[in-house]
Amino acid sequence: MGKVTGFLEFERLEEGYEAPQARLKTWKEFVITLAEDKAKIQGARCMDCGTPFCNSGCPVNNIIPDFNDLVFNGDWRNAIDVLHQTNNFPEFTGRVCPAPCEAACTLNVNDDAVGIKSIEHAIIDRAWAEDWVKPQPAAAKTGKKVAVVGSGPAGLAAAQQLARAGHAVTVFEKNSRIGGLLRYGIPDFKMEKTHIDRRIEQMQAEGVVFRTGVLVGAMPADSKVTNDAKDTISPEQLKAEFDAVVLTGGSETSRDLPVPGRDLDGVHFAMEFLPQQNKVNAGDKLKKQLRADGKHVIVIGGGDTGSDCVGTSNRHGAASVTQFELMPRPPEEEDRPMTWPYWPYKLRTSSSHEEGCDREFAISTKELIGSKGKVTALKTVQVQFQAGKFVEVPGTEKEWKADLVLLAMGFTAPVATVLDAFGVDKDNRGNAKASTEGAKSYKTNVDKVFAAGDMRRGQSLVVWAIREGRQAARAVDEFLMGSSNLPR
Ligand SMILES: Cc1cc2nc3c(=O)[nH]c(=O)nc-3n(C[C@H](O)[C@H](O)[C@H](O)COP(=O)(O)OP(=O)(O)OC[C@H]3O[C@@H](n4cnc5c(N)ncnc54)[C@H](O)[C@@H]3O)c2cc1C
Ligand code: SF4
């Protein structure tokens, strides 16, 4: 334990942000990592609880009290080893995780949680700066070959674990760069892509082969999902060449808005808008980029994806940005005794909201209005949740000026044609059907085919994808070798 009275003496410290005016001019990250002395004080606040709720609140079960103590004692070298025991990519989660560990922290019952995420961020940044993050190639090869389909955090975590267990791993990715939604979804201002590039180098040194621009299976012709593939491989080819296949293709089907006017120009899925900016930032020359400059932008959907559309639109120089959310406005503060140690229901204001955005709650879009085929306005109505459904509030109809409407209402399922090509059974939400428990964990109905991440669990978080990738790797290792030393 850091300092016995630390939690009484010291306040929670938030990481600093550059001022909105400065950060809106760039695509760079703007979170200022805690300095060493400040991280030490956060570490001192940890009570090393007998039952560390932070540890079970964290989907990868990070050993949080131990690294808090190591940081307090200035032992950063061991702190990164403890962190890497449970998390392959703390630089991703240290930047974009919503930190369910902090919601679960015992201090959060009647005080402010330990700044666990900021400590994680400081540990991994220090580790990279000190050159402590090295490839860990397997001591012996097994002679077994594994294909991983999809290079998001689930696929990367699975691939790294399997390579370290001695298997020959090839990652197939339909897009031109590795990283899944970390690369083409999450904006650079939340996470710069050099963090992925460094991990790719590490994994290549561990023996992982990456094949980009290769679609495994099939995509519907009219799909609006990002797809740069120039080559296609059939599931049969893959199964013939490899001893096991792990499907980590994400949940890429965007939820649509079936209202009159949906076909108008200027109405797009968030995932048509965001990846283009990621590509431009990476130096790609696009024929035409969907941009928000000078436009009145309405973002429909109040989650992470919507928030990323807000931040991107403001960086383009939108005339105005308004975000609609169907649910009512949550309370500013959670009811802690009611919710702890679970994820609390409260208003979440992201850094993108702080940069400029009007937020409307309990609002539903009835119609998109256009002129000459182009969207010009939205017609909305306020709604109330009654007896299990949303009902319109009479007399609350309103029109909103709009030149660009971004649909960010989440994702319904993986692309069905990919799963169908493999003959993989789906659950009732359209995800790849595979349990996470028992002898058949992460195994689909198809021989030697496994599934993990958003493709199995549905739209989720980076940290859950890493957990599933790690656990699926162990399941594959057991399947191939009869037993496994990989952690579960
Ligand atoms: C805009 C946006 C912002 C988000 N922000 C956050 C955040 O701040 N924090 C957070 O924790 N989570 C966030 N999420 C969610 C998070 O990104 C996902 O839960 C996570 O990336 C899922 O990881 P995955 O590996 O399962 O799938 P993905 O990251 O979706 O990766 C799947 C990959 O598989 C590839 N693929 C699919 N099918 C095939 C095929 N047939 N052949 C070859 N390749 C294929 C895809 O091209 C893709 O690269 C966000 C999501 C979005 C859309
Ligand atoms: S729950 Fe909070 S105080 Fe307790 S061990 Fe975890 S981080 Fe420390």
Q) Which helices (runs of 4 or more DSSP H) does the range 293-389 wholly contain that include 3 or more residues that are closer than 19 Å to Lys401 by Cβ, at pLDDT 95 or above and out of contact with any Lys or Arg (no Cβ under 6 Å at 6 or more places or on another chain)? A) 304-316
Q: Go through the residues of the range 347-357 one by one and say whether even a single one is surrounded by fewer than 17 Cβ atoms within 10 Å (Cβ to Cβ) and more than 20 Å from Pro187 (Cβ to Cβ).
A: yes
Q.
Which of the numbered conditions does Tyr184 fail, given that it passes all the others? Conditions: (1) in contact with a helix residue (DSSP H, G or I) (Cβ under 9 Å, 6 or more places away or on another chain); (2) free of Cβ contacts under 8 Å to residues at least 40 places away in the same chain.
A. (2)
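Restricting to the range 162-200, give me the number of residues that are part of a loop (DSSP other than H, G, I, E, B), of a type in the set (A, V, I, L, M) and farther than 21 Å from Ser352 by Cα.
2
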**Q.** Flag if Phe53 is on the phi < 0 side of the Ramachandran plot, more than 9 Å from ligand 2 (Cβ to nearest atom) and either of a type outside the set (S, T, N, Q) or crowded, with 22+ Cβ neighbours inside 10 Å (or both)
**A.** no
Q. Among the numbered criteria (1) more than 22 Å from the chain's Cα centre (by Cα); (2) near ligand 1 (Cβ under 9 Å from one of its atoms); (3) surrounded by fewer than 16 Cβ atoms within 10 Å (Cβ to Cβ), which single criterion is violated by Asn227?
A. (1)
Q: Name every residue in the range 111-121 that is over 20 Å from the mean Cα position of the chain (by Cα) and aliphatic (A, V, I, L, M), in order of residue number.
A: Ala113, Val114
Q: May I ask you to list pairs of residues, at least six apart or on different chains, whose Cβ atoms are under 7 Å apart, with the first in the range 249-265 being touching a residue at least 12 places away in the same chain (Cβ under 8 Å) and the second being part of a loop (DSSP other than H, G, I, E, B) and loosely packed, with under 12 Cβ neighbours inside 10 Å?
A: Leu264/Gly373; Asp265/Gly373
Q: State whether one or more residues within the range 257-271 are in a helix (DSSP H, G or I), at pLDDT 95 or above and in contact with a Ser or Thr (Cβ under 7 Å, 6 or more places away or on another chain).
A: yes
Q. Could you list, in sequence order, the residues of the range 125-159 that are more than 18 Å from the chain's Cα centre (by Cα) and within 16 Å of ligand 1 (Cβ to nearest atom)?
A. Val146, Ala147, Val148
Q: Tell me which residues, restricted to the range 461-488, are free of Cβ contacts under 8 Å to residues at least 12 places away in the same chain and either in a loop (DSSP other than H, G, I, E, B) or polar (S, T, N, Q) (or both).
A: Gly482, Ser483
Q | Complete set of residues in the range 105-122 that are surrounded by 24 or more Cβ atoms within 10 Å (Cβ to Cβ), more than 16 Å from ligand 1 (Cβ to nearest atom) and in a helix (DSSP H, G or I) | A | Ile119, Ala122
(Q) Looking at the range 448-463 only, could you name the residues that are touching a helix residue (DSSP H, G or I) at 6+ places or on another chain (Cβ under 8 Å), on the phi < 0 side of the Ramachandran plot and either among the small types (Gly, Ala, Ser) or surrounded by fewer than 21 Cβ atoms within 10 Å (Cβ to Cβ) (or both)? (A) Ala451, Ala452, Ser460
Q: Output the residues belonging to the range 211-224 that are surrounded by 20 or more Cβ atoms within 10 Å (Cβ to Cβ) and free of Cβ contacts under 8 Å to residues at least 60 places away in the same chain.
A: Leu215
Q | Hey, Ile178 within 16 Å of ligand 2 (Cβ to nearest atom), touching a Phe, Trp or Tyr at 6+ places or on another chain (Cβ under 8 Å) and at pLDDT 95 or above or not | A | no
Q: Could you list, in sequence order, all residues of the range 448-474 that are out of contact with any Leu (no Cβ under 9 Å at 6 or more places or on another chain) and either within 16 Å of ligand 2 (Cβ to nearest atom) or farther than 18 Å from Leu162 by Cβ (or both)?
A: Arg457, Gly458, Gln459, Ser460, Leu461, Val463, Trp464
(Q) Yes or no: the range 257-268 includes at least one residue that is more than 16 Å from ligand 2 (Cβ to nearest atom) and within 23 Å of Trp128 (Cβ to Cβ). (A) no
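This table checks each residue for (1) within 14 Å of ligand 1 (Cβ to nearest atom); (2) outside any strand (DSSP E or B); (3) in contact (Cβ under 8 Å) with a residue 60 or more places away in the chain; (4) in contact with a Phe, Trp or Tyr (Cβ under 6 Å, 6 or more places away or on another chain).
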| residue | (1), (2), (3), (4) |
| --- | --- |
| Met409 | yes, yes, yes, no |
| Thr412 | yes, no, yes, no |
| Leu419 | yes, yes, yes, no |
| Ala434 | yes, yes, no, yes |
| Glu437 | no, yes, no, no |
| Lys440 | no, yes, no, no |
| Asn445 | no, yes, no, no |
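The values are calculated or read from the model by the stated rules, or taken from the named source; none is laboratory data. None of the values given here were measured: they were computed from a predicted structure. For neighbour counting, all protein chains shown are included, and Cβ atoms are generated from backbone atoms with ideal geometry for every residue, glycine included.
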